[in-house]
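The values are calculated or read from the model by the stated rules, or taken from the named source; none is laboratory data. As the structure is a prediction and not an experimental result, all values here were calculated from the model. Every residue, glycine as well, gets a Cβ built from its backbone with ideal geometry; the counts of neighbours run over all protein chains shown. The accessibility values were calculated without ligands, DNA or RNA, using every heavy atom of the protein model including side chains. Shrake-Rupley method; radii C 1.70, N 1.55, O 1.52, S 1.80 Å.
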Amino acid sequence: MARTLITSALPYINGVKHLGNLAGSMLPADVYARFKRLSGDEVLLICATDEHGTPAELAAQTAGISVQAYCDEQHEIQRKAGEGFNLSFDWFGRSSSPQNAKLTQYFALKLEEAGLIEERTSKQVYSIDDGRFLPDRYVEGTCPHCEYEKARGDQCDSCGRLLDPVELKSPYSAVSGTTNLEVRETRHLFLLQSKKQDEIRNWVNASEDWPSLAKSIALKWLDEGLQDRAITRDLSWGVPVLNADGSARPGFENKVFYVWFDAPIEYIAATEEWAIANDDDWKRWWRTDEGADDVSYVQFMGKDNVAFHTVSFPVTILGSNEPWKTVDKLKAFNWVTWYGGKFSTSQKRGVFMDQALDLLPADYWRWYLISNSPEGSDAGFTWEGFQAAINSDLANVLGNFVNRITKYCVSKFDGEVPAAGEPGDAEAWMIDELQTRLPTLRRYYEQMEFRKAAAETRAIWAAGNEYLTKAEPWVKYKSDVDAAAIGVRTGLNLAALFGIIAQPIIPETAKTILDALGVPESNRSMNTGDMDDVAALLDALPHGLKVSAPPVLFSKIEDSQVELWTEQFGGGD
RNA sequence: GGUGGGGUAGCUCAGCUGGUUAGAGCGCAGGACUCAUAAUCCUGAGGUCGGGAGUUCAAGUCUCCCUCCCACUACCA
């Protein structure tokens, strides 16, 4: 059995994720995982909340609770949101888990043994009133180039220039507003990425199933020269820096590993968390010397994360000099935009996962976000586009098809799959369509071309409607009931097939359809072997099987709802 | 500034290594049908493929210049 390991970029703990976050990583990872499972692979889909770092500490401080309590709360919220969207994670872990702490410390020690870690002193802005070091972007002030007054220490939002926090005029803390700042020296562990430059380049060049986008980003970093980077921070919340014997590393008692060092390691640690919970073995997924050599590992992420996955994390993995599994294929996404701008938590622009589910069931959103996946470039979300896609694709093309054929069967054939009638021209046409379209659909999924997979899925549904027009059982019924029967039987089998191919994207509705048609779990696969014989697929339901018309699968989105939501969510302004 | 990705029918987008009359969905117009969620099916109108120059027998598809949008640019994650 082929084995596929899939990871989605870890959503940051700070707040409910919006539809753009969902569409850019977690959702396509889930769709792909579902497809691979239906294709007969053994799949492990891993995700987790990324819980360390300054934003989590500050958010907890604002909320007046401990960081641990804050993360506990937020993790649960995100877990529930994912569950609400039917994200089929085999494990949704936490980067604050003991497994991740241990593994992160382990990697750091291995890297040090390999001579890739060095202590260095650097300078950083310290806020005396806040009692903490400030990351560059938490220092704000007036831009020395354009005089913009709220420029961040790393970059000015107004003129776009990269800055150093010490360049800012009248700097202040973005945390508290205090101007009581000073530059202090601080010691950190640096990962000597420059030493791995050639090895990483060879590894990148050897990669095959990477999109050009990913490769070009990786090569760009390599061309500019990998810089050694600090992998520790002056924070209290995070993975402690320890010696091999478990004692605190001298001078690092108040420091932790940098969130970007431990976050990708959580992919592995989350698998360990999964293994513990399921009494399974995690190493067979991650250690090529312990069974992971035949695993195909696929990563999903937003474009902004590509460098971390193609360069930084590989330095950690390869630098350990141990046989860890590295990524085989990766898929990067652009952003979903909101009426031309960005989704923004702080400005309350856009729709967030929990809000979305209050409006409509998950399948509506899943379909829209996958069929409009931000693959080639940013994809704009608009209520009008959403309404059009749902009403046309789901309600009219798929929902109506299932409704018309099942209702007709119930009213004219006692709700039983008819046995009579021989296939004719219309059936031959349908078989021909499916013989080209089903392999095409599978190919798009294999290639992770999600927009195209959705479009092909829809095209197959639409072909079903076209088939019914050709077969016109309601006309034939008047003169030849057997001739009508073949149309109904084929139509019912098509409905079942439509449910099967709908499973990766709209799993709940697919289940409703397949349950209504009495298709057993074991016959819902999308495996090639099971989909090759199209003629058999169109006569798969046992003759005489009792079927029922499921309730209306999708209700249409009314103009009045679009108006309401536009007002409610500030779309269009 | 640098790097990368985009600018193709009213809208959202396909168009691989250059090759017959540039495609799809939505929307729009007309027609058909009546089993169905006023759904479905058919037909049609609609584009000087961001602008300019060049290479070529031939360019949306290659080269150069210009222009607009977006992302990334390594101590935010």
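Would you mind finding the one in A:VAL410, A:VAL402, A:VAL417, A:VAL397 that is hydrophobic (A, V, I, L, M, F, W, C), open to solvent by 60 Å² or more (accessible area, probe 1.4 Å) and closer than 27 Å to A:LEU492 by Cβ? Full working, then the answer.
Numbers: A:VAL402 fails: open to solvent by 60 Å² or more (accessible area, probe 1.4 Å); A:VAL417 fails: open to solvent by 60 Å² or more (accessible area, probe 1.4 Å); A:VAL397 fails: open to solvent by 60 Å² or more (accessible area, probe 1.4 Å).
Going through A:VAL410, A:VAL402, A:VAL417, A:VAL397 in turn, just one is hydrophobic (A, V, I, L, M, F, W, C), open to solvent by 60 Å² or more (accessible area, probe 1.4 Å) and closer than 27 Å to A:LEU492 by Cβ: A:VAL410.
Determine whether region A:363-373 contains at least one residue that is in contact with a strand residue (DSSP E or B) (Cβ under 9 Å, 6 or more places away or on another chain) and within 9 Å of RNA strand B (Cβ to nearest atom). Working first, answer last.
Start the filter on region A:363-373 by keeping residues that are in contact with a strand residue (DSSP E or B) (Cβ under 9 Å, 6 or more places away or on another chain), which leaves A:368-369, A:372-373.
With within 9 Å of RNA strand B (Cβ to nearest atom) added as a condition, the list becomes A:372.
Yes, region A:363-373 has at least one match.
Against the condition more than 8 Å from RNA strand B (Cβ to nearest atom) and open to solvent by less than 10 Å² (accessible area, probe 1.4 Å), how does A:PHE386 come out, does it pass?
Numbers: more than 8 Å from RNA strand B (Cβ to nearest atom): yes; open to solvent by less than 10 Å² (accessible area, probe 1.4 Å): yes.
Yes.
Name the residues in region A:425-447 that are of a type in the set (Gly, Ala, Ser) and open to solvent by less than 30 Å² (accessible area, probe 1.4 Å), would you? Quick ask: steps written out before the conclusion?
Step one: list which residues in region A:425-447 are of a type in the set (Gly, Ala, Ser), which gives A:426, A:428.
The one that is of a type in the set (Gly, Ala, Ser) and open to solvent by less than 30 Å² (accessible area, probe 1.4 Å): A:ALA426.
Only one residue in A:GLU322, A:GLU290 is surrounded by fewer than 22 Cβ atoms within 10 Å (Cβ to Cβ), away from RNA strand B (no atom under 11 Å from the Cβ) and either more than 18 Å from A:ILE46 (Cβ to Cβ) or hydroxyl-bearing (Ser, Thr, Tyr) (or both), so which one is that?
Working: A:GLU290 fails: either more than 18 Å from A:ILE46 (Cβ to Cβ) or hydroxyl-bearing (Ser, Thr, Tyr) (or both).
That would be A:GLU322, the only listed residue that is surrounded by fewer than 22 Cβ atoms within 10 Å (Cβ to Cβ), away from RNA strand B (no atom under 11 Å from the Cβ) and either more than 18 Å from A:ILE46 (Cβ to Cβ) or hydroxyl-bearing (Ser, Thr, Tyr) (or both).
Which condition from (1) of a type in the set (S, T, N, Q); (2) within 23 Å of A:THR54 (Cα to Cα); (3) within 14 Å of RNA strand B (Cβ to nearest atom); (4) open to solvent by 60 Å² or more (accessible area, probe 1.4 Å) is the one that A:SER216 breaks?
(2)
Identify all residues within region A:224-241 that are out of contact with any Cys (no Cβ under 9 Å at 6 or more places or on another chain) and either in the same structural domain as A:ALA60 (by TED's automatic domain parsing) or open to solvent by less than 50 Å² (accessible area, probe 1.4 Å) (or both); write none if there are none. Write out each step before concluding.
At the first step, the residues of region A:224-241 found to be out of contact with any Cys (no Cβ under 9 Å at 6 or more places or on another chain) are A:224-236, A:238-241.
Within region A:224-241, A:GLY225, A:LEU226, A:ASP228, A:ALA230, A:ILE231, A:THR232, A:ASP234, A:LEU235, A:GLY238, A:VAL239, A:VAL241 meet the criteria.
Per-residue answers, yes or no, for (1) closer than 23 Å to A:ASN100 by Cβ; (2) of a type in the set (D, E, K, R):
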{"site": "A:ALA263", "(1), (2)": "yes, no"}
{"site": "A:ASP289", "(1), (2)": "yes, yes"}
{"site": "A:VAL306", "(1), (2)": "yes, no"}
{"site": "A:HIS309", "(1), (2)": "yes, no"}
{"site": "A:TYR339", "(1), (2)": "no, no"}
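Give region A:250-273 a look and list any residue that's open to solvent by less than 30 Å² (accessible area, probe 1.4 Å) and either out of contact with any helix residue (DSSP H, G or I) (no Cβ under 9 Å at 6 or more places or on another chain) or not in a helix (DSSP H, G or I) (or both), or say none.
Hits for region A:250-273 are A:PHE252, A:LYS255, A:VAL256, A:PHE257.
From A:LEU189, A:LEU163, A:LEU168, which residue is of a type in the set (A, V, I, L, M) and closer than 30 Å to A:PRO323 by Cα? Give the derivation first.
On the way: A:LEU163 fails: closer than 30 Å to A:PRO323 by Cα; A:LEU168 fails: closer than 30 Å to A:PRO323 by Cα.
Matching residue, one of A:LEU189, A:LEU163, A:LEU168: A:LEU189.
If you take the residues of region A:475-488 that are assigned to a helix (DSSP H, G or I) and open to solvent by 10 Å² or more (accessible area, probe 1.4 Å), which of them is nearest to RNA strand B (Cβ to nearest atom)? Break it down stepwise before answering.
Step one: list which residues in region A:475-488 are assigned to a helix (DSSP H, G or I), which gives A:475-476, A:481-488.
Now narrow it down to the ones that are open to solvent by 10 Å² or more (accessible area, probe 1.4 Å): A:475-476, A:481-483, A:486.
On the way: A:VAL475: 5, A:LYS476: 11, A:VAL481: 14, A:ASP482: 17, A:ALA483: 14, A:ILE486: 15 Å.
Among those that are assigned to a helix (DSSP H, G or I) and open to solvent by 10 Å² or more (accessible area, probe 1.4 Å), it is A:VAL475.
Filter region A:438-455 for residues that are touching a residue at least 40 places away in the same chain (Cβ under 8 Å) and not in a helix (DSSP H, G or I) and give the result.
Across region A:438-455, the qualifying residues are A:MET448, A:GLU449.
Pick out, from region A:1-96, the helices (runs of 4 or more DSSP H) lying fully within it that include 2 or more residues that are open to solvent by less than 20 Å² (accessible area, probe 1.4 Å) and at pLDDT 95 or above.
Numbers: elements: A:27-38, A:54-63, A:67-84.
Result: A:27-38, A:67-84.
From the list A:GLU422, A:GLU472, A:GLU416, pick out the single residue that is over 39 Å from the mean Cα position of the chain (by Cα), farther than 25 Å from A:LEU38 by Cα and near RNA strand B (Cβ under 7 Å from one of its atoms). First the steps, then the outcome.
Details: A:GLU422 fails: near RNA strand B (Cβ under 7 Å from one of its atoms); A:GLU416 fails: near RNA strand B (Cβ under 7 Å from one of its atoms).
Only one candidate passes the filter, namely A:GLU472.
Just the residues that are surrounded by 20 or more Cβ atoms within 10 Å (Cβ to Cβ) and touching a residue at least 60 places away in the same chain (Cβ under 8 Å), please, taken from region A:361-370. Break it down into steps so the answer makes sense when it comes.
Taking region A:361-370 as the starting set, the residues that turn out to be surrounded by 20 or more Cβ atoms within 10 Å (Cβ to Cβ) are A:362-370.
Within region A:361-370, A:ALA362, A:ASP363, A:TYR364, A:TRP365, A:ARG366, A:TRP367, A:LEU369, A:ILE370 meet the criteria.
State whether one or more residues within region A:101-108 are open to solvent by 50 Å² or more (accessible area, probe 1.4 Å), at pLDDT 95 or above and out of contact with any Gly (no Cβ under 8 Å at 6 or more places or on another chain). Give the steps one after another, and end with the answer.
Restricting attention to region A:101-108, the residues satisfying the condition of being open to solvent by 50 Å² or more (accessible area, probe 1.4 Å) are A:102, A:106.
Now drop any that are not at pLDDT 95 or above, which leaves A:102, A:106.
Going one step further and asking which of them are out of contact with any Gly (no Cβ under 8 Å at 6 or more places or on another chain), we end up with A:102, A:106.
So far as region A:101-108 goes, yes, one or more of its residues are open to solvent by 50 Å² or more (accessible area, probe 1.4 Å), at pLDDT 95 or above and out of contact with any Gly (no Cβ under 8 Å at 6 or more places or on another chain).
In this structure, does A:SER548 turn out to be among the hydroxyl-bearing types (Ser, Thr, Tyr) and in the same structural domain as A:LEU438 (by TED's automatic domain parsing)? Full working, then the answer.
On the way: among the hydroxyl-bearing types (Ser, Thr, Tyr): yes; in the same structural domain as A:LEU438 (by TED's automatic domain parsing): no.
Answer is no for this residue.
Among residues belonging to region A:1-30 that are touching a Lys or Arg at 6+ places or on another chain (Cβ under 8 Å) and of a type in the set (Val, Ile, Thr), point out the one that is nearest to RNA strand B (Cβ to nearest atom).
A:ILE6
A quick yes/no check of all residues on (1) at pLDDT 95 or above; (2) under 28 Å from A:GLU118 (Cβ atoms); (3) not charged (D, E, K, R):
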residue	(1), (2), (3)
A:GLU208	no, no, no
A:TYR258	no, yes, yes
A:TYR267	yes, yes, yes
A:ALA292	yes, no, yes
A:MET301	no, no, yes
